[in-house]
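Inspection log for the structure reproduced underneath, given as structure tokens.
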Amino acid sequence: DLFEASTIERMAVNFECLLAGIVAEPGCRVSHLPLLSDVERQQLLVQWNDTGADFPQDRCLHELFEAQVVRSPNAIAAQFGEERLSYALMNTRSNQLAHYLIEHGLGADQMVGICVERSLEMIIALLGVLKAGGAYVPLDPEQPVQRLRYMIGECGISLLVTSRSTDAKMTKMMASAALQTVCLDAGQPAWHDLPTGNPGTRVPSDSLAYTLFTSGSTGKPKGVMVEHRQVVQYSLSVIERCEFHSPMSYALVQPIMFDISMTMLLGALFTGGTLHVISREMSLDPLAISRYFGQHRIDCLKITPSHLSALMSESVLPAKRLILGGEASHWGLIRSLKLAPECRVINHYGPTETTVGVLSYEINEKKMGSGSHDESSVPIGRPLRGSRAYILDEHRQAVPIGVEGVLYIGGAQVARGYLNLPELTDEMFIPNPLEPTQRLYKTGDRARFLVNGDIEYLGRSDEQLKIRGFRVEPAEIEAVLSESALVRGAVVSGIEDQGGEIQLVAYVILQNTAIGRRAGLDALKAFLVANVADYMLPSAWVFLDEIPRLPNGKVDRRALPRPDVGALQAEQYEAPVTSTDERLAGIWSTLLDVERVGLDDNFFELGGHSLLAIQMLSRIREAFSIEFPLKWLFESPTVGSLAPRIDAQQSEIVSDSEMELVPATRETALMLSHAQERLWFLDQLEGASTLYNMHYALHLRGVLHVEALERALQQIVQRHEVLRTAIILGPDGVPHQQVTQEALVLSRVSVQGGGEQCDASLHRLVSEERERTFDLSDALKIRATLIAVERVGESGSAATGQSTEYLLLITLHHIASDGWSMGVFREELSRLYNDYRSGISASLAPLPIQYADFAAWQRQWLDDALMGQQLEYWRAQLSGVPALLELPTDHPRPAVQRFRGGVHRFALPARLSDQLRALGREQGVTLYMTLLSAFSVLLSRYSGQEDIVVGSPVANRMRVQVESLIGFFVNTLVLRTDLSGEVSFKQLLGRVREMTLQAYQHQDMPFEKLVEALQPGRSMSYSPL
């Protein structure tokens, strides 16, 4: 089950090579012993890296653009909103800026800052700097002043290109620096009358093209220097791999501060395409960007998976090429995409140090259905032309196929190195032993070769993180925090939230605890905001007395406490104000396992769902003594919006103490619940039947403490009266409950024999147990059988002297249990067994009430006026309900129901499931409501009826006291869907939502009493409702 035969065959060859190496040189270091055969070494190092010759190394980026201007001068080069520029006009304007920069002394390898928001001017600035022979350094005006000043100082920038939206801000921020700013769109620019032709400056291809800053482990960002020849090699290689040959439209949704933007920018401008520059605001607004994509056909889009996932509520997919990059892609997202027929999906990988991207993997329908888990990452593929990929161990030895190592990249795209960091450059950019004139870049990414030559990304070998596609070194944030006088020690780590996204967590030791953690937190947040980029700000903070460390002194990251979901809401937290706010937040905090809940926190966004909503209702009713409609939770899903409704309800309703669910007196006969009474009646009418048996089987392997198991079962029966309650007929002819002290005895059976013989015996014993009925007048409503299995080996003797395989069979009667109860049973059995096996006393909390108390309360409640209110709703809701759903059957309906049904199970495709959930979120309904609506439509189409009635089970545990009880609580809700009129499905969802919420609000009415009260026409061939 674990390995393919081919894997074991390769492993055997590796073992043989290892043995040969040991014999040849027994004194060799173990880490240097050969593992690869000559064939595998040739495949890994040469064959899979035979990517073709490099593209010519004598051209620069702006020269490729100028060549395209000649080919298509009148074509639209770029568009921003409704503003457009042709290739000729963009070339003219960037030439004039280049002439201006040359006049001001700009030369080769000199760096110019570009601080321009996304616009056509941004593209002009980039081209102008390159044409003048300089290198551009993109600067984000939203970043902290200290960080920007550091970058400008490191680069030796004296010229800064701005626009009106950033000029005043940058000028003010850089007042202390000797900078000359050039504003591109401020009135008539100083270069408007300069020459429009291409500058005659000769720029060598090994000149610097740009410097991009990434997070640095020293506490300061580090600049990666990339030359023209490396970007040209990348551009032409990715155009070739992605087939950007014919003019297409490209959407740029990232800032040029990140090299992921280069794929679309250069892919468009080097092929005659149109680059659509998308503003920051639009790129973060699913509806706005969807409308833009609808108005302007977008052929190509490159985007990070997390960004795409965030936009998926709307249609934001391109027509021809979807390129994912910047972070790991997972199959779940890929399968959720609703792609155009011609759209190709390409996963693209590469660190900034190897120029944008060096590996790619094209995804097709066959690969999407390959069986990979949704959570598993998509392979990153094979190198582009001129690039090499090696996976090496810690001793820089090549590892076999399928074995994890660190990914090293070689070839023509390896960057020059780090700015002003020669030691780090030498450490990370190493000589390539296979190509002495080339260098390798150590990515720090863990990876492995798959059998077909593709590479699979496995994560990082260090602490570096990707946050929404941004590269983050936690050490940089730690270093900045340590500069604060408030901090004695700090550790920053990444944790995965419930949605699979990485969140930053800061662990801090305060220098002086007297300041208080609240004040300390506020001060540290402000300190970080002033010194690091926004994507480097922690989502959660944990204050420690000491940082856990390993014996070698390093931080023990595994021992760092994990913050709860509430801590991850820190930035949006607004404390509860009123007493109702606080009590309601406390209920949510306990139920959702969140440390704290704020006024604006959404129940469903914190992890709530329908079953938790039911439990929440019971807790609210207990805490506030009100009848709480579930509908309110959908309409007011935050503490701040829900608390006022509770206050208003409390002012109108006075709790009736007689309606409290408390232990009933045992001095009078204990009545059956209405559901129990119906099952007892059917048992008397039809005789004992296995129809209402509930089965639970547990296949156990290993050493079993049988005595502990029997004690646990007996304790459950002792704990829950309903499991040892006889149903007897009283003198008045009315059935009632008689609680006994009868104990459960665990039946023990053993089977022995060969594999098939044992399986046949087990099948027979299970079948026999399934056919046994219960006598409801007997006390026990549970049976337990433990089957010890001793399988005989080929020698004819048992494999072991003691059984290590068991089958535990549990059978309960439905009159004492339901589906929820089975969950309670499993949980208690596990806890009690572990307690008894460990020799400690049972750890379960006492039950406040028993099922008989619930039955007495239910009877009392139904005599109250509230029953009349519930019944009034159901009379109106079911008035004129059709007697039968006339489905076209294959066989005549029998005169008497025989209950011989079946089950057909099927799974919806993941993409369809995600789309249904998205539709539900859009319309404010649950997935259940969406599926119920669709099922009603199906029944309507089959039957030709517009009035569809469906029975749906509900847990019916609306009081907190009954959540931990075993018993027959489940109720049937009659859900009536009106499909009359020319209604759209979205309109139908609104109808079903309203109907379902009303039904939930009135779910306390037992189905049996409803039938009794409504007295519908009865037939033995179908259900009364």
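Quick one: Kirkwood hydrodynamic radius for region 151-270, alpha-carbon pairs, angstrom, one decimal? Present the calculation step by step, with values, prior to reporting the outcome.
Working: mean 1/r = 0.0573 Å⁻¹.
In region 151-270 this quantity evaluates to 17.4 Å.
May I ask you to derive the relative contact order of the chain, considering only C-alpha pairs under 8 Å and at least 6 residues apart, and to give it as an integer percent? Numbers along the way, then the final one.
Working: 1780 pairs, mean separation 75.8, N = 1025.
Relative CO of the chain lands at 7 percent.
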Note the angle between two axes, namely the Cα long axis of helix 851-862 and the longest principal axis of the Cα atoms of the chain, as a number of degrees from 0 to 90, rounded to the nearest 10. 80
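For region 670-847, what is the Kirkwood estimate of the hydrodynamic radius, computed as the reciprocal of the mean inverse distance between distinct Cα atoms, to one decimal in Å? Please report the intermediate quantities before stating the final value.
Values: mean 1/r = 0.0559 Å⁻¹.
Kirkwood hydrodynamic radius for region 670-847: 17.9 Å.
Please rank Ile114, Ile334, fewest neighbouring Cβ atoms within 10 Å first, as an exposure proxy. Let's see the in-between values first.
Details: Ile114 27, Ile334 22.
Ascending Cβ contact count within 10 Å gives the list Ile334, Ile114.
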So what is the relative contact order of region 60-204, in percent, for Cα pairs below 8 Å that sit 6 or more residues apart? 27
Tally Lys and Arg at +1 and Asp and Glu at -1 over the other residues with C-beta under 14 Å from the C-beta of Ile547: what net charge comes out? +1
quick note, region 473-563, DSSP beta bridge pairs, % antiparallel (nearest 5) is 70
Quick one: go through region 682-717 and flag any residue whose amide nitrogen is under 20 Å from the point 7 Å out along the Cα-to-Cβ line of Leu765. 694-714
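Answer rounded, prolate or oblate for region 408-520, using the Cα gyration tensor with square roots of eigenvalues a ≥ b ≥ c: rounded when a/c is under 1.5, else prolate when a/b is larger than b/c, else oblate.
Working: a/c = 3.92, a/b = 1.80, b/c = 2.18.
Oblate.
Taking the DSSP beta bridges in region 60-204 as the whole, what percent of them are antiparallel, to the nearest 5?
Numbers: 4 of 15 bridges.
Roughly 25 percent of the DSSP beta bridges within region 60-204 come out antiparallel.
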By DSSP, what percent of the beta bridges with both residues in the chain are antiparallel, rounded to the nearest 5? 70
Nearest 10 degrees is fine. How inclined is helix 579-592 to the longest principal axis of the chain, computing both from alpha carbons? 90
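Work out the FRET efficiency for Thr7 and Gln42 from their Cβ-Cβ distance, taking R0 = 22 Å, and round it to the nearest 0.05.
Values: r = 19 Å, r/R0 = 0.88.
After rounding to 0.05, the efficiency reads 0.70.
Using the Cα gyration tensor of region 5-49, with a ≥ b ≥ c the square roots of its eigenvalues, what is the shape: rounded (a/c below 1.5), prolate (a/b larger than b/c) or oblate (neither)? Walk me through the intermediate numbers first.
On the way: a/c = 2.79, a/b = 1.44, b/c = 1.93.
Judged from the Cα gyration tensor, region 5-49 comes out oblate (a/c at least 1.5, b/c at or above a/b).
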Each label sits 7 Å from Cα toward the beta-carbon; between Glu622 and Arg701 the label points are separated, in nm, by 4.0
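Quote to one decimal, in nm, the extra length available between Arg29 and Leu450 on full extension: 0.36 nm per residue of separation minus the C-alpha distance between them. Don't jump to the answer; show the numbers that get you there.
Details: separation 421, 0.36 × 421 = 151.56 nm, distance 2.75 nm.
Full-extension gain reported as 148.8 nm.
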Under the rule of -39500 (n - 2.57) per DSSP H run of 4 or more residues, summed and divided by the residues of the chain, what mean residue ellipticity at 222 nm is obtained, to the nearest 500 deg cm²/dmol? -11000 deg cm²/dmol
Starting from the Cα-Cα distance between Leu434 and Phe681, subtract it from 0.36 nm times their residue separation and give me the gain in nm to one decimal. 80.4 nm
Between region 37-53 and region 79-102, the Cα center-to-center distance that results, in Å: 45
Using Stokes-Einstein with the Kirkwood hydrodynamic radius over Cα pairs, what translational diffusion coefficient do you get for region 685-749 at 20 °C and a viscosity of 1.002 mPa s, in µm²/s rounded to a whole number? 144
Give me P(r) over region 60-204, computed from all C-alpha to C-alpha distances, binned every 10 Å, as integer percentages. 12, 42, 34, 11, 1
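Taking the Cβ of Met929 as the center, what net charge do the other residues with Cβ under 13 Å away carry, scoring Lys and Arg +1 and Asp and Glu -1?
Neighbour charge sum, excluding Met929 itself: +4.
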Within-12-Å neighbourhood charge of Met11 [Cβ basis; K, R +1; D, E -1]: -3
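Work out, in µm²/s and without decimals, the Stokes-Einstein translational diffusion coefficient of region 864-1014 at 20 °C, 1.002 mPa s, Rh from Kirkwood over C-alpha pairs.
On the way: Rh = 17.7 Å.
Calculated translational D: 121 µm²/s.
Take the Cβ-Cβ distance between Ala186 and Val950 as r, set R0 to 60 Å, and report the resulting FRET efficiency rounded to the nearest 0.05. Can you show the working numbers first?
On the way: r = 67 Å, r/R0 = 1.12.
With R0 = 60 Å, the Cβ-Cβ based efficiency is 0.35.
Which of Glu281, Glu677 has the fewest other C-beta atoms within 10 Å, and how do the rest follow up to the most? Walk me through the numbers on the way to the answer.
Numbers: Glu281 10, Glu677 21.
Arranged by neighbour count, lowest to highest, Glu281, Glu677 become Glu281, Glu677.
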Give me the extension gain from Glu756 to Ala910: residue separation times 0.36 nm, minus the current Cα-Cα distance, reported in nm with one decimal. 51.7 nm
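Just rank Thr668, Thr196, Thr274, Thr425, fewest to most, by other beta-carbon atoms within 10 angstrom. Before the final figure, lay out the partial values.
Numbers: Thr668 9, Thr196 14, Thr274 23, Thr425 20.
Placing the least packed residue first, the sequence is Thr668, Thr196, Thr425, Thr274.
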Give the separation of the Cα centroids, region 971-1012 to region 729-754, in Å. 39
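Let me know the shape class of region 386-460, please: from the alpha-carbon gyration tensor, a ≥ b ≥ c as square roots of the eigenvalues, rounded when a/c is under 1.5, otherwise prolate if a/b is greater than b/c, or oblate. Before the final figure, lay out the partial values.
Working: a/c = 2.03, a/b = 1.69, b/c = 1.20.
Verdict is prolate for region 386-460.
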Need one number for the chain: average projected area of the convex hull over its C-alpha atoms, nm². 53.4
Please give, to one decimal in nm, the separation of the simple spin-label points placed at Asp285 and Arg149, each 7 Å out from Cα toward the Cβ. 3.5
With the crude spin-label approximation of a point 7 Å out along Cα→Cβ, what separation in nm comes out for Ala526 versus Ala514? 2.0
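Values quoted throughout were computed directly from the atomic coordinates according to the rules given, and no laboratory measurement underlies them. Just so it is clear, the model here is predicted, and its values are computed rather than measured. Methodologically, a virtual Cβ is constructed for each residue, glycine included, from the backbone with ideal geometry; neighbour enumeration extends over all protein chains shown.
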